[in-house]
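Read through the structure below, which is laid out as structure tokens, and then see the notes.
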Amino acid sequence: SPEPNLLPVERSRIRTVHRTVSDPRHGPGDGPPCPGSGPCRGGAAQQRRRGLEPIKVVIPRYVLRGQGKDEHFEFEVKMTVMDETWTVFRRYSRFREMHKALRLKHPELLTLEFPPKMLFGNRDERLVAERRGLLERYLRRLFRVMLASGTSPLRADDDGVYRLSKRSVCEFSLFFKKGVFESSSHGTG
């Protein structure tokens, strides 16, 4: 199916990362989404043992947008929170802004490593593919830390049940909210 908001020229420049994952909503080692529309049942540890991770994130591909000096890559971030799945496209700079903002609000993220900025080669296909993997690992670690933190807005309730939704993740960071960065002429910024 054609990509929304892409000119015919841009559609031909989409770069897809091939993965051997049976369900494209999940990365390697991710379990199935929590069934039903309510919270995952059982305590947080029991949910993880059963493979019911409350938040799953995968970056399956990246897209080249813009032209000339405005040309840039955007990474597709596919989120699954409980039984809700959505996708946003973000530039590396938006990941970096989110990282800086969250570190100021949540001290438990101060030691979380962020993929370094590339001074040269940020349009090299091989390096962009490597960056895609690093950003995906970064987001998975971010959520792992925040789900385990006793002061996190994403933590399990006192009864050990995660009561998460797309809304709670978007309130945690606008980075994950669809439509927030879509004002640029080349997509989602």
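Of the residues in segment 107-134, how many are in a helix (DSSP H, G or I) and either among the aromatic types (Phe, Trp, Tyr) or in contact with a strand residue (DSSP E or B) (Cβ under 6 Å, 6 or more places away or on another chain) (or both)?
Matching residues across segment 107-134 total 2.
Identify all residues within segment 153-175 that are of a type in the set (Ser, Thr, Tyr) and either modelled with pLDDT of 95 or more or within 18 Å of the chain's Cα centre (by Cα) (or both); write none if there are none.
If the condition is that a residue be of a type in the set (Ser, Thr, Tyr) and either modelled with pLDDT of 95 or more or within 18 Å of the chain's Cα centre (by Cα) (or both), then SER165, SER168, SER173 are the ones that fit.
Just to be sure I understand, how many residues within segment 79-121 are among the basic types (Lys, Arg) and either in contact with an Asp or Glu (Cβ under 7 Å, 6 or more places away or on another chain) or under 14 Å from PHE143 (Cα atoms) (or both)?
Final tally of qualifying residues: 3.
Tally up the residues in segment 86-106 that are assigned to a strand (DSSP E or B) and surrounded by fewer than 16 Cβ atoms within 10 Å (Cβ to Cβ), please.
Total meeting the criteria: 2.
Scan segment 176-189 residue by residue and report those that are modelled with pLDDT under 50 and part of a loop (DSSP other than H, G, I, E, B).
Hits for segment 176-189 are SER183, SER185, HIS186, THR188, GLY189.
For segment 73-85, which residues satisfy the criterion of being over 10 Å from the mean Cα position of the chain (by Cα), assigned to a strand (DSSP E or B) and hydrophobic (A, V, I, L, M, F, W, C)?
Within segment 73-85, PHE73, VAL81 meet the criteria.
Yes/no matrix, rows are residues, columns are (1) of a type in the set (A, V, I, L, M); (2) farther than 21 Å from GLY179 by Cβ:
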position: TYR62; (1), (2): no, no
position: LYS69; (1), (2): no, yes
position: VAL81; (1), (2): yes, no
position: ARG91; (1), (2): no, no
position: LEU109; (1), (2): yes, yes
position: GLY133; (1), (2): no, yes
position: PHE143; (1), (2): no, yes
position: ALA148; (1), (2): yes, yes
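The values are calculated or read from the model by the stated rules, or taken from the named source; none is laboratory data. Note that the structure is predicted; figures quoted are calculated from it, not measured. All Cβ positions, glycine included, derive from the backbone under ideal geometry; neighbour counts span all protein chains shown.
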